[in-house]
Amino acid sequence: MTRRALPLLDARTAETRLCTYCPKLCRPACPVGSAEAREAVIPWGIMRAMHSLTRCEVPEADVPAVAATAWACTRCGNCRSLCLLDNPVAETLLDARADLHASGDAPDEARAVAEGFPQRLARIEEAAEALDFKHIPRGDGRTAWIPGCTSVLFESDRAVEAAEAVARLAPSGGCTVVADFCCGAPLLDAGDREGFLKHARRVAQDLGSYTHLVTGDAGCAHTLKVMYARLGVAATKWERVEHVAELAARNTHLLDALDEPREVIVHDACRLGRGMGVYEPPRAVLRALTGRAPTELAEHHERSVCSGAGGLLPVTRPDTAEALRRTLADEVREAAAGREAVVVTGCASSRRALRAEGIAADDVTMWVARALRREG
Ligand code: SF4
Ligand code: SF4
């Protein structure tokens, strides 16, 4: 194999080596490995492959297939919850993607996502322009509401209602709606680290005057709060970056109970739960709205099931992503046990994935909007 510059992966040698000597303890945790039933795409197999890349042990002809396994990951973090050594597999693979993108070894599908990012931004801006937020009170100007690009692109009819709800909950007495926005996660997942950092710095500059960012999407919240900080691009003024469920959970006294006869099932979004440790707020909101604890899926909290919608998996491995979303849909049906049910999640992509499987799925934002007392 030709020697490649893999600086980020070289710096992760301790992590990749750790897996090499491990008896695959986390194997049952990985949704991708379970769906494909191949050793090459369980965490142990992928980390071992990345280790071999850094040691130039992979025959040149095999490099594309080996490199592609860095994208056989939704970044769900489930392997880490079973790893006794707390090995950060998802973070390591994100660094591997960055190196492999830079060395020209990223899969075509991932490269296309990075190259198509400007067009994606233009589509988001166009969708946001069609929405009228002029009546939303801005309060003292400290809070920015970021609906998330999935909502703006695919569910724009509900965006205004959601913004009204957040404006009523925000401690600053209102919010500025930032709808023409993408946190840059697609670039990060594609491996275009340079492009991501450039975009993130621009975001931090544009939103640098706010102290409080609220978003309706778990992926967006995780990127802005965790990844921007980890990669040193968060704005210094950002005091609180949170998901709308966290804001609503502190304000349940403002929420009216809903008349909801369906069984309400809660789904822990990977980025919200394992990614940021936010498990209780969505449950507190649902309890306040329905007067009862939501039904849990068979696997929840740290062991919750990934919908397959993250980490670019639907683009790089669409069949696997579909298998993952079917597994989650089956788990929801099992929890519903024949009753009419709705699943509430904090992840816009999971919601879309479940709906594609014929499951009634909703998000916390809209439930909050439904339940806000008009008299405030
Ligand atoms: S992530 Fe942990 S449990 Fe999984 S293979 Fe690596 S060292 Fe073993
Ligand atoms: S983060 Fe999730 S998808 Fe990625 S290797 Fe770990 S368990 Fe598998």
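Each label was represented as a point 7 Å from its Cα along the Cα-to-Cβ direction; for Glu302 and Leu82 these points are 1.4 nm apart.
If R0 is taken as 45 Å, the Cβ-Cβ distance between Asp259 and Gln119 corresponds to a FRET efficiency of 0.55. Could you tell me the center-to-center distance, by alpha carbons, between the stretch 315-331 and the stretch 89-141 in angstrom? So the separation of the two Cα centres works out to 22 Å. Applying both filters, DSSP loop and at most 15 other Cβ atoms within 10 Å, to the trypsin sites (Lys or Arg not before Pro) of the stretch 130-174 gives Lys134.
Qualifying GluC sites (Glu not before Pro) in the stretch 276-376, where qualification requires a DSSP coil assignment and no more than 12 other C-beta atoms within 10 Å, comprise Glu340, Glu375. Which residue, Arg317, Arg75, Arg240, tops the fluctuation ranking in a GNM of the chain built on C-alpha contacts under 10 Å? Maximum fluctuation in the GNM of the chain, among the listed residues, is at Arg240. Residues in the stretch 248-258 carry Karplus couplings, in order, of 5, 5, 7, 10, 5, 5, 8, 9, 8, 5, 9 Hz; the curve used is 6.51 cos²θ - 1.76 cosθ + 1.60 with θ = phi - 60°, and Gly or Pro positions show x. Loop-located GluC sites (Glu not before Pro) in the stretch 49-135 (DSSP state other than H, G, I, E, B) with a sparse environment of at most 16 neighbouring Cβ atoms within 10 Å: Glu57. Quick note on the stretch 7-106: its Rg to Rh ratio, both from C-alpha atoms and Rh being the Kirkwood radius, is 0.93. Within the accessible area of the chain, the carbon and sulfur atoms contribute 50%, probe 1.4 Å, all protein chains present.
Normalised by the empirical 2.2 N^0.38 Å for globular proteins, what value does the Cα Rg of the chain take?
On the way: Rg = 20.7 Å, N = 376, 2.2 N^0.38 = 20.9 Å.
With N residues counted in the chain, Rg over 2.2 N^0.38 Å equals 0.99.
Counting alpha carbon pairs within less than 8 Å and at least 6 residues apart, what relative contact order, in whole percent, applies to the stretch 7-106? Can you show the working numbers first?
Working: 115 pairs, mean separation 34.7, N = 100.
After rounding, I find 35 percent.
The mean of 1/r over all pairs of different alpha-carbon atoms in the stretch 219-326, once inverted, gives a Kirkwood hydrodynamic radius of 15.7 Å.
Placing a pseudo-label 7 Å from each Cα along the Cα-to-Cβ vector at Ala40 and Ala337 gives an inter-label distance of 4.3 nm. Here the relative contact order of the stretch 109-259, from alpha carbon pairs under 8 Å that lie six or more residues apart, stands at 26 percent. Modelled spin labels at Glu109 and Thr2, positioned 7 Å past Cα toward Cβ, are 2.5 nm from each other.
How much of the DSSP bridge set in the chain is antiparallel, in percent, rounded to the nearest 5?
Values: 2 of 22 bridges.
The answer is about 10 percent antiparallel.
Tell me, what is the percent relative contact order of the chain, built from C-alpha pairs under 8 Å that lie six or more residues apart?
Values: 687 pairs, mean separation 62.1, N = 376.
The value is 17 percent.
Among DSSP beta bridges whose residues both lie in the stretch 115-249, state the antiparallel percentage, nearest 5. Can you show the working numbers first?
Values: 1 of 11 bridges.
If we restrict to bridges inside the stretch 115-249, about 10 percent are antiparallel.
Give me the distance between the Cα centres of the stretch 42-77 and the stretch 221-263, rounded to whole Å. First find each Cα centre; the distance between them is then 34 Å.
The values are calculated or read from the model by the stated rules, or taken from the named source; none is laboratory data. What you see is a predicted model; the values in this text were computed from it and never measured. All Cβ positions, glycine included, derive from the backbone under ideal geometry; neighbour counts span all protein chains shown. Heads up: the accessible areas ignore ligands, DNA and RNA and are worked out on the full protein's heavy atoms, side chains in. Shrake-Rupley method; radii C 1.70, N 1.55, O 1.52, S 1.80 Å.
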